[in-house]
Amino acid sequence: MDYRVVTRYFRSSWFIRLVLFISIMARGLSRPASTTMRAVTGRGLAALIREKTGIRLVFSIMAVLLAVDFGNTLAEFSGISVSGSIFGVPPYVSLPLAALFIKNGGL
């Protein structure tokens, strides 16, 4: 595939809307499912996994989830930094504002 075709594909507005829709739906569907599971069983994810498997597997899964969550946080903050710099806001202004926004629970 030619790089111009790929660039045109990724810059198209329908693709951007599709990616935003999928990311919003993924977050919107996973949180209620885990909340419902917690409310019904009275246990967290680690306790439910430990019930079926051993403690070593639970520790491994939780370590991987921690690493993935940390990487996701870094990716979100780098995206905030880049999008702020696109609009002329320096990273040393946009990143603390985003951290305060996240810490206070959003809007």
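The values are calculated or read from the model by the stated rules, or taken from the named source; none is laboratory data. The structure presented is a predicted model; accordingly, all values stated were derived computationally and were not measured. Positions of Cβ are backbone-derived with ideal geometry, glycine not excepted, and every protein chain shown enters the neighbour counts.
Observations on the structure shown:
- In this structure, Val82 does not qualify as touching a Lys or Arg at 6+ places or on another chain (Cβ under 6 Å) and of a type outside the set (Ser, Thr, Tyr).
- The residue that is modelled with the lowest pLDDT, counting only those in segment 85-107 that are part of a helix (DSSP H, G or I) and of a type in the set (S, T, N, Q), is Ser85.
- Residue pairs meeting the criteria (Cβ under 7 Å; at least 6 apart or on separate chains; first in a helix (DSSP H, G or I), in segment 58-71; second at pLDDT below 85): Val58/Ala46; Val58/Ile49; Val58/Arg50; Ile61/Ile49; Met62/Ala46
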